[in-house]
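Read the structure below first, then the notes.
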Amino acid sequence: MGCDHTLIDLALVNARILTDHGLIKGGIAINDGKICSIDPEEHLPKAFTTINMQGNLVLPGLIDVHTHLRDLNLEHKEDFYSGTCAALAGGFTTVLDMPNTVPLTDSALRLQAKMAVASGRIVANTGFYTCLPAEVTELKRLKDLGAMGCKVYLHNPHTMLDVDDDNVLLHTLQVLEDLDMILTIHAEDRYLIEDLVAKFQAAATSSPRIRSKTHPPQAEVKAVQRVLSLIRGRCPRLHFCHISTGKASSLISQAKVEGLSVTYEVTPHHLFLSETLLGKVGSLAFVEPPLRRSTTRRGLWRDLLTGSIDVVASDHAPHALKEKRHSDLWAVPSGFPGLETTLPLLLTMVARGKLSLERLVAVLARNPARIFRLDGKGVIAAGFDADLTVVDMDKEFIIDSSAFYSKAKYSPFDGMKVVGQPVQVFLGGNLVMDKGEVVSKPGSGTILRPSLPAVG
């Protein structure tokens, strides 16, 4: 696709652009919301508007495939506007929202209602998962409405389907395969966790570390093994969420080698933090799966750098601060905000020479777009959407959750020094975040639906 117009909408000049062919200096021509060329500035067509990128780095618009935007009856934690503002401020142009809301997103009626509310509030591209419905026949309706996929929480199912029964889960997987819908999985063994919770609650201890002991590595490994054993000889599309152990990572990597259609993600908190943080910030660090040992964290980094890990996703899970500081440790909800910290944390590793820009873009843009069929996204190339994330690689700052757009004004990364900051975000060629300020209006975002697979 070239620029067939003598005068285009927008030219971004004096940029360092990460393309399929590496990092190049030049400009990007944009028309009708699409990239029409990437050229030396002297070859760009004339534009109505020209913006100087000041030598900053331009990346494909980043995609977070695992966020909890809350809203509906959980607006006190986050809403579609605050959550998607946090996305733009963090450099993400697209987010996929999880279905464990109140009420659950588990039917066509509820998905329609959720989309209707979101359409007037979002400022970033947003797609929606659903929980598994009470009847598998409902899956076709959910697909037709544009669900990005289904989510199953094996440790806490959020569905009327008896997914503890291998036969029920296998039948569901077969229906999803026939519909070509992806299933995302929180892989932890329910019964192992429930037994440990009962044991440690009876002990009446007040140590924050006890919560982690109820979600041991074996719970994740056991659940991953169960799912992989069910799909041998079949080809449903599966994506494992927030893998936190080296053993589970190895199992999924081997399944990919065997030809199974499986992918997986890790989170920044499992890459950067360890269980020792519980002794410093207590319940603020509660998350599922929990923070692991430092040796486990280093193993995940090896898998990320070697290309085994497909995606890095924030698992942005905001709660009210008073909820995170509840006096009863067993009543504290798991999770914390992550949309505004993920990119700076990874850019810091780029600045230190520990992570390549190409790998960063693979796990934050290219692979998410491919896995979840977000056509036209994840790459800077002619014909693709002009969703762009502009980064100042020289910017150093201290993470300060009090300045978050998210309603959750706390973070396990508070006080951490990082290098590299998103300074501008373009959505369909429109400037929507500039120097940390969201400049677009509620409802200006687009609700996304997965594209049909390519034929042939």
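The values are calculated or read from the model by the stated rules, or taken from the named source; none is laboratory data. In this text, all values refer to a predicted model and were calculated from it rather than measured experimentally. Using ideal geometry, Cβ is built from the backbone for each residue, glycine included, and neighbour counts are taken over all protein chains shown.
Below are the figures for this structure:
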item	result
R211 loosely packed, with under 15 Cβ neighbours inside 10 Å, touching a helix residue (DSSP H, G or I) at 6+ places or on another chain (Cβ under 9 Å) and farther than 21 Å from D106 by Cβ	no
Count of the range 275-293 residues which are assigned to a helix (DSSP H, G or I) and surrounded by fewer than 19 Cβ atoms within 10 Å (Cβ to Cβ)	7
Test: L72 is closer than 19 Å to H158 by Cβ and free of Cβ contacts under 8 Å to residues at least 12 places away in the same chain	no
Filtered residues of the range 305-321 (kept if in contact (Cβ under 8 Å) with a residue 60 or more places away in the chain and not in a loop (DSSP other than H, G, I, E, B))	V311, H316, L321
Residue satisfying all of: in the range 233-254; assigned to a helix (DSSP H, G or I) and out of contact with any Ser or Thr (no Cβ under 9 Å at 6 or more places or on another chain); farthest from K222 (Cα to Cα) among these	Q254
Filter result for the condition that a residue is among the aliphatic types (A, V, I, L, M), without any contact (Cβ under 8 Å) to a residue 40 or more places away in the chain and either buried (at least 18 other Cβ atoms within 10 Å of the Cβ) or not in a loop (DSSP other than H, G, I, E, B) (or both), over L96, L142	L142
The range 373-389: number of residues that are assigned to a loop (DSSP other than H, G, I, E, B) and touching a strand residue (DSSP E or B) at 6+ places or on another chain (Cβ under 6 Å)	9
Filter pass, R226 being of a type outside the set (A, V, I, L, M, F, W, C), out of contact with any Lys or Arg (no Cβ under 9 Å at 6 or more places or on another chain), over 25 Å from L278 (Cβ atoms) and not in a helix (DSSP H, G or I)	no
F397, sole failed condition from (1) in contact with a strand residue (DSSP E or B) (Cβ under 7 Å, 6 or more places away or on another chain); (2) buried (at least 18 other Cβ atoms within 10 Å of the Cβ)	(2)
Subset of the range 176-208 (residues that are exposed (fewer than 15 other Cβ atoms within 10 Å of the Cβ) and within 27 Å of the chain's Cα centre (by Cα))	D178, D180
Subset of the range 165-189 (residues that are part of a loop (DSSP other than H, G, I, E, B), touching a residue at least 12 places away in the same chain (Cβ under 8 Å) and under 29 Å from P290 (Cα atoms))	M181, A187, E188, D189
Candidate set from the range 157-175 (those that are at pLDDT 95 or above and under 24 Å from P333 (Cα atoms)); member that is farthest from the chain's Cα centre (by Cα)	D164
